[in-house]
1. Compare the peptides 115-126, 150-161 by average per-residue count of other Cβ atoms within 10 angstrom and give them in order, highest first.
2. So for region 514-564, taking the charge dipole from beta-carbon charges (+1 Lys/Arg, -1 Asp/Glu), which of 555, 542, 525 sits furthest toward the positive end?
3. To the nearest 0.05, what FRET efficiency results for residue 113 and residue 240 with a Förster distance of 60 Å applied to their C-beta separation?
4. For every helix of n ≥ 4 consecutive DSSP H residues, a contribution of -39,500 (n - 2.57) applies; sum these over the chain, divide by its total residues, and give [θ] at 222 nm rounded to the nearest 500 deg cm²/dmol.
5. For 461, 372, 26, give the ranking by accessible area with the largest first, probe 1.4 Å.
6. Taking Cα pairs under 8 Å and at least six residues apart, what relative contact order does the chain come out at, in percent?
7. Please give the contour-minus-distance gain from residue 23 to residue 504: 0.36 nm per residue of separation, less the Cα-Cα distance, rounded to one decimal in nm.
8. Heavy atoms of the protein only, probe of 1.4 Å, neighbouring chains included. What is the accessible area of residue 220 in Å², nearest 10?
Amino acid sequence: EWDWDAGYNYGNNYESDVTSGLVNTERLQTALGLPGQAPCQINGVAVAGCVPFNWFGGYNQATGQGSITPAMANYVLFEEHDVSQETMRDYTANITGNLFNLPAGPVGIALGAESLEHDGFQHPDALVQEGNTSGNVTQSTNGKESTKAEYIEFNFPLVADAPFMKSVSLDIANRWSQFKWAGGNPGNAGSGIQHSASNTSGRAALRWQATDSLLLRASWSQGFRIPSISELFLGNSDDFPTLTDPCVTPVAPLQPGFCGASTNQPNNQIKTTVGGNANLTPERSISRTAGFVYNPDWLPGFDISMDYFKIDVLNAVSALPAQTILNGCYYGGNAGYCSLITRSGGTGAYNQNGSITNVTDTNTNIGGIKTEGVDWLMDYKFPSTAIGDFKASFDMTFTKQYVVTQAFGSGLPGSPILSSQEQSGTTGGSGGGVFGGFPKQRATFGLNWNYGDWSAMWSMEYIGHMIEDCASTMVINPASRCPLTGPFPFTTGTQTLNHIGATTYHDVSVTYHLDPLNTDFTFGIRNLFDKQPPIAMSAFANSFLPTFYRAPGRFFYARVGVKF
């Protein structure tokens, strides 16, 4: 007996954004007066519709009016219109069946193929692309990628109904993939070029059912991921993170001759260029897992599972923290980092004067990520009661290590940038990226209740504490905001540290099932006690880390679900 299926999946997301309150800087320049010309004139000719602009007339508290009139504001203000779209098409076909019998059972096989296509575009307002606004410059871009893949999987039953071997089976699979991508903004590296890659990924998994109550399992697998069209083709835009120029404020021995005789940093918010990179290479990984599932006969309704994982990712895609680029050049002497820095005295970092005018910080293959830890899950369904059925669950992840290696090798002291040891990093600077360590403990506790057509849920999300290195960030007053001192992983000497405390969020919801309409009505509250996220010095504007913590506020929601 053979089973087969074929499918087609189409998805389209179109987004239109409108932003008001921005200034058309070209019109503002005209209204103020071009160099050597009167306001609202070009070469002595009046500009139609222009209203001369006056910054300096002051504000009258009594009348509530100032020198900037509505007519002046209406002429220089504009409404920004941005549009973006992404389309996905996915074709699949699969067939499964049994080939022949072994003493322990039939050998199963599965075959399949897939063709997956993504294409999209991002078109900012024309004024935004030209840079004639008070906002950041953003480029228009488009791109597409396609994946064609075939797979085969075998399941071999090895042992059946033997002592401590109720069932033992081995699953072996392989996948062949071919990738193509093209697009991007004209002028960017790799744009307009047809890129391609191919890969073969294998997997082996052992399932050992020792008894009716105990299952042992282990697996080894290869991974391969082509960057998304956003990672490849996102249009370049400006960002202004808070950074420290090592040539102006050195905190360690600098590379000889890398800093000019006269360098300066008039503004700590240094311009960086962020966006996609069509020259990215696919990520590769090796994953290893081993664990068990136990359902004891002596405690009906209870089960526990635990799995150890170790994952190595090569060529991981991310944006570097901009401070890492600066430190890697001026302290580490790495030419790859230096090529991304531009000063007012010239391009490149070698012996250039002036201030840093731009740091190119588009997506890159950072080198690699190594992580290791344990996942632990427990469930218990209580005996039924007169007031309903209750079920409790506890899910926890313990991260032993999370180490990121650099994009350009060991340019900085210590090749790994951060680790999730007990003193775990949060971010590697104000420039973003995945260089944050992870909390060693994260857990979720849930309690579910069901009674007839009614059900309810209460959950607690726990995020363990972290400690961040303030020396790598631009903190206005580290003495008060970073009161701790001590060593930090992969750094030398004593650092100023900030403790990010453990955080717990509570969520509740209640659901009523209307059986005649086969409809569920749900009302819930996220962050029931309005828990505020802890402040991180290395987060943008010394705020919080959205990777781990929720935005401030208590959120109410209602949902209606209909099953046809």
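The values are calculated or read from the model by the stated rules, or taken from the named source; none is laboratory data. Because the structure is predicted, anything quoted here is derived from the model rather than measured. Cβ: placed from backbone, ideal geometry, glycine included. Neighbour counts: every protein chain shown. Note: areas computed on protein heavy atoms with side chains; ligands, DNA, RNA excluded. Shrake-Rupley method; radii C 1.70, N 1.55, O 1.52, S 1.80 Å.
1. 115-126, 150-161
2. Among 555, 542, 525, the one farthest towards the positive end of the dipole of region 514-564 is 542.
3. That gives a FRET efficiency of 0.80.
4. -1500 deg cm²/dmol
5. In descending accessible area the options line up as 26, 461, 372.
6. 8 percent
7. Contour length minus the Cα-Cα distance gives 169.0 nm.
8. Roughly 110 Å² of residue 220 is accessible to a 1.4 Å probe.
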